[in-house]
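Below is one structure, written out as structure tokens, with a few remarks after it.
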Amino acid sequence: MNSPISRRTVTTSLLAGAAALGTSGVTHASPMETSHRRPGRPHGHPDTPTVVLIHGAFADASSWSGVVQRLQRHGHRVLAPALPLRGLASDAAYIRSVLDSVTGPVVLAGHSYGGAVISQAASDTPHVKALVYVAAFVPEVGESALQLTDRFPGSTLGQATVTQHYPLPGGGQGEELVIRKDLFRRQFAAGVPLRTAQVMAAGQRPVTLAALQEPATAAAWKTIPSWYLVATEDRNIPPAAERWMAARARARTVAVRAPHAVSVSDPGPVTDLILSAVRSVR
């Protein structure tokens, strides 16, 4: 059974969208906050930023592997926790518990649905000093991931997903989405080597429909400086929507010709953007 995600086709080019929005080039975020030390946390040194990477739907923490390796070669501490993908509020609460284990400033990055999670998790978390969105949702309070997907034409995710059912703790069944394995590479990871994409498809993490429909209750990007990477070949989130969200958040923005799984296909530019955010904290 196909999912209820919009099945609109691409009608607007990225170039036209960028021209209409006036978001080409780099936009500047607000000044950085000062470093904040939180005692009693087991991970990290109190003065050097720790990078925390949050994956999105249809992926897992291994999708950050290339980025993690590069950040570690630069001498940075990195955490890449597994996201439950069960609900926005509960996912954000879990990531907030991860952040509470870190001593010193944090640069928090999110991919796809992970962007909505970091926007909520970083609220009232003063040691998060920078937010990095990688082809990600940046919701305003009251907005959901599905609303932002449908704001611009271009997503083909609806045609590529199927709905599965899973038991709910209190009884009954919930709905979760997966990308069809035969369409996974084209939809999610175009340009990624075939064997790599096949492994990703086999290990993809389902996301509940409720998580994608759940409205945000916080928008940390309003007070925390932000960076954004637009994946211009994205078939999950329309690139025009990515540019629009980046502009609204006044994020420092770069564009990469890459699929939705840009952290896998192009870990170098993703790492460079995160390093830019890290340098701004010091």
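Taking other residues whose beta carbon is less than 11 angstrom from the beta carbon of residue 205, and scoring Lys, Arg as +1 and Asp, Glu as -1, yields -1. Distances between placed amide hydrogens fall under 5 Å for residue 207 paired with 58, 177, all partners being 5 or more residues away or on another chain. On the beta carbon distance between residue 151 and residue 181, with R0 = 30 Å, the FRET formula returns roughly 0.55.
Taking amide H as placed 1.01 Å from N in the peptide plane, the amide H of residue 228 sits under 5 Å from that of 133, 252, 253, 254, each at least 5 places away or on another chain. Rolling a 1.4 Å probe across the protein heavy atoms gives segment 168-265 an accessible surface of 42 Å² per residue. Each residue of segment 116-129 is assigned a 3J(HN,Hα), and the resulting list reads 5, 5, 5, 4, 8, 5, 7, 5, 6, 10, x, 7, 7, 9 Hz, derived from the Karplus form 6.51 cos²θ - 1.76 cosθ + 1.60 (θ = phi - 60°), x at Gly and Pro.
Coupling constants for segment 143-158 follow from the phi torsions by the Karplus curve (6.51 cos²θ - 1.76 cosθ + 1.60, θ = phi - 60°), and in residue order they are 9, 10, 4, 5, 4, 5, 4, 7, 5, 10, x, x, 6, 10, 5, x Hz; glycine and proline get x. Between residue 161 and 3, 180, the built amide H atoms are under 5 Å apart, and every one of these is 5 or more places off in sequence or on another chain. Counting only protein heavy atoms and a probe of 1.4 Å, the accessible surface of segment 148-282 is 51% carbon and sulfur. For segment 230-246, 3J(HN,Hα) computed residue by residue from phi via the Karplus equation (6.51, -1.76, 1.60; θ = phi - 60°) reads 8, 9, 6, 10, 5, 10, 8, 9, x, x, 4, 5, 4, 4, 5, 5, 4 Hz, glycine and proline entered as x. Taking a ≥ b ≥ c as the square roots of the eigenvalues of the Cα gyration tensor, segment 95-221 is prolate, since a/c reaches 1.5 or more and a/b is larger than b/c.
The values are calculated or read from the model by the stated rules, or taken from the named source; none is laboratory data. Note that this is a predicted model, so its numbers are computed, not measured. Reconstructed Cβ throughout: ideal geometry from the backbone, glycine too, with neighbour counts over all protein chains shown. The protein model used for the area step is the full one, side chains on, heavy atoms only, and it has no ligands, DNA or RNA in it. Shrake-Rupley method; radii C 1.70, N 1.55, O 1.52, S 1.80 Å.
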